[in-house]
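*Asks:* Take this structure first; my questions come after.
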Amino acid sequence: MDSTELDSFRQAGKIASKIREESKRLIIVGESLLDIAETVEQMIKEEGANAAFPVTISINDIAAHYTPEFESSLAIGEKDLVKVDLGIEVNGALSDTAYSIDLSGENEALTNASLNALELAIKTIKPGVSVGEIGGVIEQSIRSAGFKPISNLSGHMIKSNELHAGIDIPNIKTSDPYQFKEGDIFAVEPFATNGAGHVEDLEQVEIFSLYMPSSIKMRQSRKIAEYVVKNYGTLPFAERWIRKEFKSRLLVSAALREMLQSHLLRGYPALREVGRGLVSQFEHTILVTKDGCEALTR
Ligand code: CO
């Protein structure tokens, strides 16, 4: 990676950090989820950046990948455990960061479990350490706090224009041998739960991304596909973003369905904890340095 590219990653990290902190004041009882997501996405635009993916607001036993639908009327509940996950794109460079807020005041130990696991992982990552070992560090940290890590969610390598660049950081100990190298960029995101320790797909899908921007042939979907290519490339987007542009619910959902069926699109279903446990998550994007790592979203 050259220094210009690295500068963009640093910039993406800095903006993500600023918006993450500013967004926390929006997480209050009764606030509309759609208003929160759109406000945060607006804040990103005002920084002159793009959202690397739709802002997700996953509550209680929903672990990840939930973003409000178009015209959603859902609001934050009195005792919700709210996870906000956001990402920034600057010149193709991406950042990814998340936090949890427990509005009940009763689940501090659970939110601390994922936060402490994240901090310990960041302290441990350096060149030569394997991703499987970091999974072990995360697992051990969460279990010692009396909770379970979510075994089928993981952190991920990030490259320019590629949010999930092939290598994962598991949240449990594995024999995955990939060793961190200086210059690598990863999102580290421990998830802790008082439930079963894994998630399953819900039927609801609000987030999609294109596999192959070049191979759209269907007439009806082409306009929407072209819009996606132009605005998001292969980065994840929300159905509500497309609805805003194309208005018709029927047209948009038919086109997305068609593109899913012909494997031009992948969907990211909302993920729910299997034991219906509460889930907490914290996340930073890190740069591996000569002898450690640096959190770009600090
Ligand atoms: Co994230």
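Rule-based calculations on the coordinates, nothing more; no lab input. Everything numeric here is computed off the predicted structure, so don't read it as measured data. Counting neighbours? That spans all protein chains shown, and the Cβs are built from the backbone with ideal geometry, glycine included.
*Asks:* Counting only C-alpha contacts under 8 Å and six or more residues apart, can you give the relative contact order of the chain as a whole percent?
*Replies:* It comes to 24 percent, rounded to a whole number.
*Asks:* Still on this structure: Stick to Cα atoms and the Kirkwood definition of Rh, then tell me Rg/Rh for the chain.
*Replies:* 0.96
*Asks:* Report, largest value first, the span of the C-alpha coordinates of the stretch 239-298 along each principal axis, in whole Å.
*Replies:* 52, 33, 24
*Asks:* May I pose another question? Using a 7 Å offset from the Cα along the Cα-to-Cβ direction at both A109 and R222, what is the distance between the two label points in nm, to one decimal?
*Replies:* Label-label distance for A109 and R222, simple model: 6.1 nm.
*Asks:* If you scale each eigenvalue of the Cα gyration tensor by 5 and take the root, what three semi-axes come out for the stretch 206-270, rounded to whole angstrom and sorted largest first?
*Replies:* Working through the eigenvalues yields semi-axes of 14, 13, 12 Å.
*Asks:* May I ask you to derive the relative contact order of the stretch 206-270, considering only C-alpha pairs under 8 Å and at least 6 residues apart, and to give it as an integer percent?
*Replies:* 53 percent
*Asks:* Order the peptides 80-89, 271-280 from the highest to the lowest mean number of other Cβ atoms within 10 Å of their residues.
*Replies:* 80-89, 271-280
*Asks:* So if I place +1 on the C-beta of Lys and Arg and -1 on the C-beta of Asp and Glu, and nothing else carries charge, what would the dipole magnitude of the stretch 206-270 be about its Cα centre? I want it in debye, nearest 20.
*Replies:* 220 debye
*Asks:* Picking from S3, S17, L34, whose Cα lies most toward the positive end of the charge dipole for the stretch 1-65 (charges on Cβ: Lys, Arg +1; Asp, Glu -1)?
*Replies:* S17
*Asks:* Placing unit charges on C-beta atoms (Lys and Arg positive, Asp and Glu negative, everything else neutral), compute the dipole magnitude of the chain about its Cα centre in debye, rounded to 20.
*Replies:* 680 debye
*Asks:* Ok, one more. Compare the Cα positions of F237, A254, A270 along the charge dipole of the stretch 206-270 (+1 at Cβ of Lys, Arg; -1 at Cβ of Asp, Glu; about the Cα centre) and return the one farthest towards the positive end.
*Replies:* A254
*Asks:* Binning at 5 angstrom from zero up to the longest distance, how are the C-alpha pair distances of the stretch 26-137 distributed in percent?
*Replies:* Reading upward from the zero bin: 2, 11, 17, 19, 17, 16, 10, 6, 2, 0.
*Asks:* Going by the alpha-carbon gyration tensor, a ≥ b ≥ c the square roots of its eigenvalues, is the stretch 150-278 rounded (a/c under 1.5) or, if a/c is not under 1.5, prolate (a/b greater than b/c) versus oblate?
*Replies:* Note, shape of the stretch 150-278 comes out oblate.
*Asks:* From the Cα gyration tensor of the stretch 89-187, with a ≥ b ≥ c the square roots of its eigenvalues, which class applies: rounded if a/c is under 1.5, or else prolate if a/b is larger than b/c, or else oblate?
*Replies:* oblate
*Asks:* For N231 and K126, what is the calculated FRET efficiency with R₀ set at 35 Å and r taken between the beta-carbons, to the nearest 0.05?
*Replies:* Working from the Cβ atoms, E equals 0.40.
*Asks:* What residues qualify as long-range amide H neighbours of H198, i.e. H under 5 Å apart, gap of 5 or more or another chain, H built at 1.01 Å from N?
*Replies:* S151, V274, G275
*Asks:* Considering Cα pairs under 8 angstrom that are at least six residues apart, work out the relative contact order of the stretch 155-298 and quote it in whole percent.
*Replies:* Worked out over the stretch 155-298, it gives 35 percent.
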